[in-house]
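A.B. asks: This is the structure I have questions about; it appears just below.
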Amino acid sequence: INDLISKIKPMFGIDDSDSTEKIIGNLKATKRDTNNYFDFEDKEEIDRLRAEGDLLFDLETSIYDRLFFGKNDLNVLDVNVLYAGNQAKLLYRKEVKSYVGLTYKEEAAEAYNKLYPQNDSRYYYLDIKNPNFDVRLKEIMKELSLQAFDLINLSMVILDLKDPIHILRKLRRFLKPGGMIYIRDIDDGLNLYFPDEDNRFKKLFELAAADPYSGFRESGRQIYSHLKSLGAKSINLELNGLSTVGMDYDQKANFYQSYLTFTKHEYERLVHENHNNNEYKKANELQPTMMVI
């Protein structure tokens, strides 16, 4: 009951004094901040993102089917693309005339244009947090003869932004009247992994919450209010958290890999970069006990 109450309070904007409670050792949950964690050369991260995409593919395909129903010749802007293999499977569709993918890694943009070619699809090196973002995007749109976008796609972007409202307002200027914004974000407090008798997944969620490279792990619950303040006319919440109930073995494996690989990988990095931080060392030592599904 107490655990449930602590999760519900933030959803209603209640200031909970228990929010400063220790997560693991003396580590605490990180707050919203700017975070650029993706490295195109990081094979483990690419594998994790691929597993995440496989886990959510059917769900997201059904959402895009409804968003694009009865429409055609759509122009799509995809912001801060990480692993483009997922995006190509989802957004290279007959309804989409022009796809523009932006990534904050220059080598990733070059590689994606070679790996995922399509006549009216292009990837560009441009970070949404770049102060010259507006100017550069206008140049790209002029080059492609685009006036505005029918859909702006934000897949796992908001959790890594310190000021998401500012970014959303910036992006809204490039949206057609009546256009759509699709946001997929994270909220570990709304996920359910069952059974979890040994609290392995509970520990993984705590490790993720205290990981400064993992973004703000309660970002999802704020999306609705962000869009309301933006003046969105219609907001649809498609899914509120992931549950392993009813998942088959492969789906559970992808769910597990989505968390296991990034926490293990990133705490090793944190230990390497913070030699004197014993809390990171303790957290990293917990990882091997969570290897079995």
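A.B. asks: Quick check on the chain: helices-only [θ] at 222 nm, where DSSP H runs of length 4 and up contribute -39,500 (n - 2.57) each and the sum goes over total residues. Nearest 500, please. Please list the in-between numbers first.
C.D. replies: Values: 10 runs with 125 residues, N = 293.
When only DSSP H runs of four or more count, the value is -13500 deg cm²/dmol.
A.B. asks: Hey, if we sort 128, 23 by accessible area with the 1.4 Å probe, largest down, what's the order?
C.D. replies: Final ranking, largest accessible area leading: 23, 128.
A.B. asks: At what distance in angstrom do the alpha carbon centres of region 214-273 and region 172-187 lie from each other?
C.D. replies: Cα centroid of region 214-273 versus Cα centroid of region 172-187: 18 Å apart.
A.B. asks: Additional query: Residue 42 to residue 62: FRET efficiency via 1/(1 + (r/R0)^6), r the Cβ-Cβ distance, R0 41 Å, to the nearest 0.05? It would help to have the intermediate numbers written out before the result.
C.D. replies: Working: r = 30 Å, r/R0 = 0.73.
Efficiency, rounded to the nearest 0.05: 0.85.
A.B. asks: While we're here: Could you look at the chain and say what percent of its accessible area is carbon and sulfur, using a 1.4 Å probe and all protein chains?
C.D. replies: On the way: 7900 of 15730 Å².
About 50 percent, which is the carbon plus sulfur part of the accessible surface.
A.B. asks: Take the chain, mark every one of the GluC sites (Glu not before Pro) that falls in a DSSP loop and has at most 14 other Cβ within 10 Å, then report the longest stretch left between them, sites excluded.
C.D. replies: Numbers: sites that count: 21, 41, 197, 238.
No qualifying site falls inside 42-196, the longest such stretch.
A.B. asks: Now for a different question. Pairs of alpha-carbon atoms within less than 8 angstrom and 6+ residues apart define the contacts here; what relative contact order does region 118-277 have, in percent? Walk me through the intermediate numbers first.
C.D. replies: Working: 127 pairs, mean separation 35.6, N = 160.
In percent, rounded to a whole number, it is 22.
A.B. asks: On a full-extension model of 0.36 nm per residue, what is the gain between residue 172 and residue 148, subtracting their alpha-carbon distance, rounded to one decimal in nm? Could the numbers behind the result be given before it?
C.D. replies: Values: separation 24, 0.36 × 24 = 8.64 nm, distance 0.99 nm.
Residue separation times 0.36 nm, minus the Cα-Cα distance, leaves 7.6 nm.
A.B. asks: Now for a separate question. What FRET efficiency would be calculated for the residue pair residue 71, residue 196, taking the C-beta separation as r and a Förster radius of 41 Å, to the nearest 0.05? It would help to have the intermediate numbers written out before the result.
C.D. replies: On the way: r = 42 Å, r/R0 = 1.01.
Using R0 = 41 Å, I get an efficiency of 0.50.
A.B. asks: Beyond a 24 Å Cα-Cα separation, which of these cross-linked pairs lie in this structure: 114/162; 162/252; 105/176; 97/138; 105/170?
C.D. replies: Working: 114/162 32 Å; 162/252 31 Å; 105/176 27 Å; 97/138 18 Å; 105/170 21 Å.
The pairs that break the limit, which is 24 Å between Cα atoms, are 114/162; 162/252; 105/176.
A.B. asks: Of all DSSP beta bridges in the chain, what percent run antiparallel (nearest 5)?
C.D. replies: Values: 2 of 22 bridges.
Within the chain, antiparallel bridges account for around 10 percent of the total.
A.B. asks: If I model a spin label as a point 7 Å beyond the Cα along the Cα-Cβ vector, how far apart are those points for residue 268 and residue 120 in nm?
C.D. replies: For the pair residue 268/residue 120, the computed spacing is 4.4 nm.
A.B. asks: In degrees, nearest 10, range 0 to 90: what is the angle between the Cα axis of helix 43-67 and the longest Cα principal axis of the chain?
C.D. replies: Roughly 60 degrees between the two axes.
A.B. asks: If I model a spin label at residue 135 and residue 106 as a point 7 Å from the Cα along the Cα→Cβ vector, what separation in nanometres do I get?
C.D. replies: Those two pseudo-labels are separated by 1.8 nm.
A.B. asks: Still on this model: Subtracting the Cα-Cα distance from 0.36 nm times the residue separation, let me have the gained length for residue 89 to residue 33 in nm, one decimal.
C.D. replies: Values: separation 56, 0.36 × 56 = 20.16 nm, distance 2.99 nm.
Answer, rounded to one decimal: 17.2 nm.
A.B. asks: Which one, 86, 262, 204, is farthest towards the positive end of the dipole of the chain when Lys and Arg carry +1 and Asp and Glu -1 on their Cβ?
C.D. replies: Ranked along the dipole, the leading option is 86.
A.B. asks: Rounded to the nearest 10 degrees, what's the angle between the helix 2-11 long axis and the longest principal axis of the chain, both from Cα atoms, 0 to 90?
C.D. replies: 30
The values are calculated or read from the model by the stated rules, or taken from the named source; none is laboratory data. Computed from a predicted model, the values in this text were never measured in an experiment. Using ideal geometry, Cβ is built from the backbone for each residue, glycine included, and neighbour counts are taken over all protein chains shown. Ligands, DNA and RNA are stripped out before the accessible areas are found, and what is left, the full protein with its side chains, is counted by its heavy atoms. Shrake-Rupley method; radii C 1.70, N 1.55, O 1.52, S 1.80 Å.
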